[in-house]
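Just below is one structure, and these are the notes that go with it.
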C-alpha cells in the first residue's frame with residue numbers, strides 16, 4: 001500500500017524543518033560511532049576500575065572482543081510497574097553470558113509515580129523528573145565502557161527521559177525492555193464511579209480505599225490506557241521494543257523469555273557484529289511520525305504531546321503541534337481502552353493488540369513500513385506476536401482479525417474516522433484536547449469562565465455548591481515555569497459530576513491532565529502560559545470562553561481582555577518543600593509546553 005499523502009507531507013515537513021539540527025546531530029553520532037568500540041580507548045587504569053567487581057568476566061571485558069551491555073534501570077519497588085525490574089539484571093547477565101557477551105548495571109535513574117503524588121506537592125517535580133532521568137542515564141553511560149544499552153523503564157516520565165538519553169548516546173544501540181501490565185482487577189469504570197461517589201459525599205474514604213486497592217493490586221503497569229501504557233505502545237511503534245513485548249504480564253515464562261531475547265538482540269546489533277543498529281538510525285523522522293500515528297490510533301495519553309517533541313529534539317528532530325493535528329485528521333481511532341472505553345490493556349492485548357493494529361495501519365498506508373528497528377528492518381516484523389513453545393521463543397503471524405470489535409477494530413470500520421488529539425488555537429494561545437473519550441455533542445462549549453489558581457480551589461467551590469450553570473473552568477499558573485506543570489487529575493471526578501448533572505462544562509489550563517483524562521472536554525497545555533505573558537493571566541470571572549474542538553478554536557469572546565493588566569499571583573509557595581527548592585533552575589530555564597517543556601534538550605536545539 002502506498003503511503004498516505006498526508007502522512008508523507010507531514011514527514012517531509014518535519015524533515016525540512018529539522019534539516020540543520022538533524023544533520024548536525026547525525027554528524028556527531030557518526031563521528032562517535034566511527035571511533036569504534038568505546039573500551040578500546042580506555043586506559044588500563046580506567047578499565048581496571050570498571051571491571052574490578054566482575055569476577056570471572058574480567059578477562060572477557062578486558063579483551064574488548066565480546067560486546068558489553070550497559071543496563072540503565074529505573075527499578076524501585078514503590079512503583080508496581082517497576083517492581084519486576086528487581087530481578088532483570090540477573091536474568092540479563094545470565095542471558096548475555098550464554099550469548100557470548102557481558103552485561104553490567106551502568107546505573108539507576110529515579111522513577112516517581114504520578115499516582116502517588118497526584119494532588120500533592122511532589123507532583124510539581126513530576127514533569128522535571130523526565131529531564132533528571134535523562135541526565136542520570138547520561139551519567140550512567142558516560143563511563144564509555146558499553147557497546148549497547150538496555151533501558152529498563154515503563155511509566156510516565158521514565159520512558160521519555162530514557163529515550164532522550166538514548167538519543168544523546170545515539171551512536172550505540174539501545175533496546176527498551178518492559179515489565180508488562182498487572183493482571184486485571186476492579187474494572188476501571190467501576191473505580192471511576194466510586195471516585196465520583198466519593199466526590200459527592202455519597203460514600204466514605206473506606207469505600208474509596210477499598211476500590212482503589214482492588215484496582216491497583218499487584219506488580220505491573222496500571223491497566224488503564226494512560227501515559228505508562230501509551231509509552232509501551234510508542235516503543236513498539238518506534239521500533240525500540242521487540243515485537244509484541246509491551247503487554248505481556250510480569251512473572252510469566254513468556255515475559256522472561258522476551259527479556260532474554262532482548263538481551264541477545266542488543267548484543268547482536270553492536271558495532272562488533274554485522275548488524276550494527278545505533279539508536280540514531282532508529283530514531284529518525286519516520287519513527288516519530290509512526291509514534292504519533294500510534295498515539296492517535298489508540299487514543300493515547302496527552303502527556304505524549306509534550307514528551308514526543310522533547311524526545312525528538314534530542315535526536316535533532318523538531319516536531320510541532322500542527323504535525324499532531326494533521327496526523328490525527330487522517331488516522332482513525334481503532335481502539336477503545338479505558339478511559340476511552342470499558343476494556344483495559346489486557347483485554348486490548350487479547351483482542352489482537354498492537355500487532356493487529358500495526359498491520360492494519362501499514363495496510364492502510366498510515367505508517368512508514370521501512371524504518372529501522374531493534375528487531376531488524378521494517379515495521380512488518382511488528383505485526384508478528386511472540387510464542388513460547390517446546391522449541392523456545394518464536395514469532396508467528398499475529399491475529400488476522402480483531403477478536404473483539406468493541407475493543408479493537410480495522411481501519412475500514414473504526415470507532416472514529418480521526419484520531420484522539422486536537423489542537424486548539426486562538427487569542428488565548430495554543431492548547432490540545434484529547435477528544436477520543438469526549439462525546440461529539442460536547443466538542444464545542446461556550447460559557448462564562450470561573451478563574452482559579454489551583455485545583456483545590458475548584459474542589460472547594462464545587463463542595464460549596466457554586467457551580468449551578470454552564471461553566472468553563474480556567475485553572476491558570478499551572479505551567480512549567482509557574483510550578484512545574486503538575487497533572488490536575490484530581491479535577492476529573494469533580495468536573496464529571498457537573499457534566500453528569502446536565503451542565504455544559506469544560507476545562508482550560510496551562511497545566512496537564514493525567515493520561516487517564518476522559519469524558520470532560522479539557523483544553524490543556526495552553527501556551528504561552530499565564531506566567532509567560534499568556535492572555536490566561538488577564539481573564540476574569542464571567543468572561544465568555546469558546547472551547548471548540550470541531551473547528552480547533554480557543555477564544556475569549558469578551559471585548560477588551562487584552563487591554564487589562566495581567567494578574568501576578570504570589571507563587572513563592574511553589575518553590576519550597578518536597579524538594580521543590582532544588583528545582584528552581586528547572587523552572588527558570590524550561591521551554592514552553594508546545595515545544596516539549598524541555599530543560600536538558602530544548603536550549604541545545606532551538607527551533
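The values are calculated or read from the model by the stated rules, or taken from the named source; none is laboratory data. All values derive from a computational prediction rather than experimental measurement. Cβ atoms come from the backbone with ideal geometry, glycine included; neighbour counts cover every protein chain shown.
Brief remarks follow.
- At least 3 residues being in contact with a strand residue (DSSP E or B) (Cβ under 6 Å, 6 or more places away or on another chain) and at pLDDT 95 or above is the threshold, and among the helices (runs of 4 or more DSSP H) wholly inside the range 226-326 those reaching it are 253-268, 279-282.
- Only residues that are touching a residue at least 40 places away in the same chain (Cβ under 8 Å), part of a loop (DSSP other than H, G, I, E, B) and touching a helix residue (DSSP H, G or I) at 6+ places or on another chain (Cβ under 8 Å) were counted across the range 158-186, and they come to 11.
- Filter result (in a helix (DSSP H, G or I) and in contact with a helix residue (DSSP H, G or I) (Cβ under 6 Å, 6 or more places away or on another chain)) within the range 131-157: 133, 134, 137, 138
- Among residues that are in contact (Cβ under 8 Å) with a residue 24 or more places away in the chain, surrounded by 14 or more Cβ atoms within 10 Å (Cβ to Cβ), assigned by TED's automatic domain parsing to the domain that holds residue 288 and within 28 Å of the chain's Cα centre (by Cα), residue 22 is included.
- Residue match in the range 62-85 (condition: without any contact (Cβ under 8 Å) to a residue 12 or more places away in the chain, within 30 Å of the chain's Cα centre (by Cα), at negative phi and not in a strand (DSSP E or B)): yes
- Any hit, the range 1-14, residues being surrounded by 14 or more Cβ atoms within 10 Å (Cβ to Cβ) and touching a strand residue (DSSP E or B) at 6+ places or on another chain (Cβ under 9 Å): no
- Sole exception among (1) in contact with a strand residue (DSSP E or B) (Cβ under 9 Å, 6 or more places away or on another chain); (2) surrounded by fewer than 17 Cβ atoms within 10 Å (Cβ to Cβ); (3) not in a helix (DSSP H, G or I) for residue 436, by number: (2)
- The set of residues in the range 378-401 being at pLDDT 95 or above and over 23 Å from residue 263 (Cβ atoms) consists of 380, 383.
- Leading residue by the ranking (surrounded by the fewest Cβ atoms within 10 Å (Cβ to Cβ)) among those in the range 523-539 that are in contact with a helix residue (DSSP H, G or I) (Cβ under 8 Å, 6 or more places away or on another chain) and not in a helix (DSSP H, G or I): 527
- The one condition in (1) more than 16 Å from residue 445 (Cβ to Cβ); (2) without any contact (Cβ under 8 Å) to a residue 40 or more places away in the chain that residue 502 fails to fulfil: (1)
- Check on residue 250, within 28 Å of residue 391 (Cβ to Cβ), in contact with a helix residue (DSSP H, G or I) (Cβ under 7 Å, 6 or more places away or on another chain) and buried (at least 23 other Cβ atoms within 10 Å of the Cβ): no
- Considering only residues in the range 439-474 that are within 30 Å of residue 294 (Cα to Cα) and without any contact (Cβ under 8 Å) to a residue 60 or more places away in the chain, the one that is surrounded by the most Cβ atoms within 10 Å (Cβ to Cβ) turns out to be 440.
- Here 380, 394 are screened, and the one residue that is free of Cβ contacts under 8 Å to residues at least 40 places away in the same chain and within 26 Å of residue 95 (Cα to Cα) is 394.
- Exclusive hit being in contact with a strand residue (DSSP E or B) (Cβ under 6 Å, 6 or more places away or on another chain), in the same structural domain as residue 300 (by TED's automatic domain parsing) and within 14 Å of residue 404 (Cα to Cα), set 350, 343: 343
- Residue check, residue 219 at pLDDT 85 or above and surrounded by fewer than 24 Cβ atoms within 10 Å (Cβ to Cβ): yes
- Scanning the range 485-512 for residues that are in contact with a strand residue (DSSP E or B) (Cβ under 6 Å, 6 or more places away or on another chain) and surrounded by fewer than 24 Cβ atoms within 10 Å (Cβ to Cβ) returns 498, 499, 504.
- Within the range 58-91, tally of residues that are crowded, with 24+ Cβ neighbours inside 10 Å and under 26 Å from residue 44 (Cα atoms): 6
- Some residue of the range 404-418 being assigned to a strand (DSSP E or B) and in contact with a strand residue (DSSP E or B) (Cβ under 9 Å, 6 or more places away or on another chain): yes
- Each residue in the range 44-61 was checked for being in contact with a helix residue (DSSP H, G or I) (Cβ under 8 Å, 6 or more places away or on another chain) and in a helix (DSSP H, G or I), and 6 pass.
- Count of the range 187-216 residues which are at pLDDT 80 or above and not in a helix (DSSP H, G or I): 5
- Residues of the range 439-470 classified as part of a strand (DSSP E or B) and either assigned by TED's automatic domain parsing to the domain that holds residue 334 or closer than 20 Å to residue 530 by Cα (or both), total: 5
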